[in-house]
Structure formats: C-alpha cells, structure tokens
1. Please go through the range 8-25 and give me each residue that is of a type in the set (A, V, I, L, M) and under 17 Å from His43 (Cβ atoms), ordered by number.
2. If you take the residues of the range 64-86 that are open to solvent by 10 Å² or more (accessible area, probe 1.4 Å) and within 15 Å of Ile19 (Cα to Cα), which of them is modelled with the lowest pLDDT?
3. Output the qualifying pairs, or none if there are none: Cβ atoms under 9 angstrom, residues six or more apart or on different chains, first residue in the range 65-81 and outside any strand (DSSP E or B), second residue among the acidic types (Asp, Glu).
4. Contact list please: Cβ distance under 8 Å, first residue in the range 1-24 and more than 19 Å from Ile68 (Cα to Cα), second residue surrounded by 12 or more Cβ atoms within 10 Å (Cβ to Cβ) and of a type in the set (S, T, N, Q), pairs at least six apart or on different chains.
5. Return the residue satisfying two criteria in turn: it lies in the range 1-47 and is in a strand (DSSP E or B) and among the polar types (S, T, N, Q), and of such residues it is least open to solvent (accessible area, probe 1.4 Å).
6. Mind counting the residues in the range 48-61 that are part of a loop (DSSP other than H, G, I, E, B) and either under 15 Å from Val18 (Cβ atoms) or open to solvent by 50 Å² or more (accessible area, probe 1.4 Å) (or both)?
Amino acid sequence: MEIIQKVSDITNLKYNQVISSGEIELVNTKINFNGTNNLIFIHNPSNVKVQIVNTDVTFYGNNNLLFIDAGKFKYTFSLHMYHNSVCHIGANNYFNPYGEILRLRCA
C-alpha cells in the first residue's frame, strides 16, 4: 500500500503515479493506493495551483485513472476507485455548495 498525504510523498511512489503539469496543493487530503499501476493525472495548462482540500481518494484495485482538470475552485470530494476504472473531473467544478462532501464510486 502507498499513501500520499502531502505533495512531497508523490516522489516516494513505486507502484503508482501522480503526474501534474503544474503546482498542486494538498490540504487535509489522503490518497491510498491499495493496488498497482494507478495514475492520477492533473491537467493544468494555465498553471493555476490545483487545490485539493479535505479529500479522501482510495484505489482498491489496479489500472485506474483519475484525471483532474485545473480549476478556480478548491476540489473537495471522496472517491473510491476499483479495477480498471476512469474518473474525469472537469475544469472549474464546484462540488459542495453547502459544505457537504461529494462521494463518488467508480467501478
């Protein structure tokens, strides 16, 4: 199992990857990799800091792709991904207008 709780943890990954084309900020966020060959790709063409706050992501299987487009809002969500799944979070999404956390499952 590999865990990311701060940006510096990304460099310690051996069996999974996080690729970003710009700056990332992780605040009170935990990403668990319980499998291998999982990829988080953060697309950031405008070089805006991508803020992922109060987020919990768990990969329960292998070969998953989480694609996040940069946006002007902080991203706050809970996501569980299982084998061979893809989740695309488009640019400038706003998930929690009332402070609730959006809970997603991809299988």
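1. Once the filter is applied, which keeps residues that are of a type in the set (A, V, I, L, M) and under 17 Å from His43 (Cβ atoms), the range 8-25 yields Ile10, Val18, Ile19, Ile24.
2. Ala70
3. Pairs found: Lys74/Glu25.
4. The qualifying pairs are Met1/Asn32; Met1/Asn34; Glu2/Asn16; Glu2/Asn32; Tyr15/Thr36; Tyr15/Asn37.
5. Step one: list which residues in the range 1-47 are in a strand (DSSP E or B), which gives 2-4, 17-20, 24-27, 30-33, 39-43.
Checking which are among the polar types (S, T, N, Q) leaves us with 17, 20, 32.
Numbers: Gln17: 103, Ser20: 43, Asn32: 20 Å².
The qualifying residue least open to solvent (accessible area, probe 1.4 Å) is Asn32.
6. Step one: of the range 48-61, the residues part of a loop (DSSP other than H, G, I, E, B) are 48-49, 54-55, 60-61.
Checking the rest, the ones that are also either under 15 Å from Val18 (Cβ atoms) or open to solvent by 50 Å² or more (accessible area, probe 1.4 Å) (or both) come to 48-49, 54-55, 60.
Residues that pass the stated criteria total 5.
The values are calculated or read from the model by the stated rules, or taken from the named source; none is laboratory data. Only a predicted model underlies this, so the values are computations on that prediction, with no experimental measurement involved. Cβ coordinates were reconstructed from backbone atoms using ideal geometry, including for glycine residues, and neighbour counts include every protein chain displayed. Note: accessible area is taken over every heavy atom of the protein model, side chains too, but ligands, DNA and RNA are not part of it. Shrake-Rupley method; radii C 1.70, N 1.55, O 1.52, S 1.80 Å.
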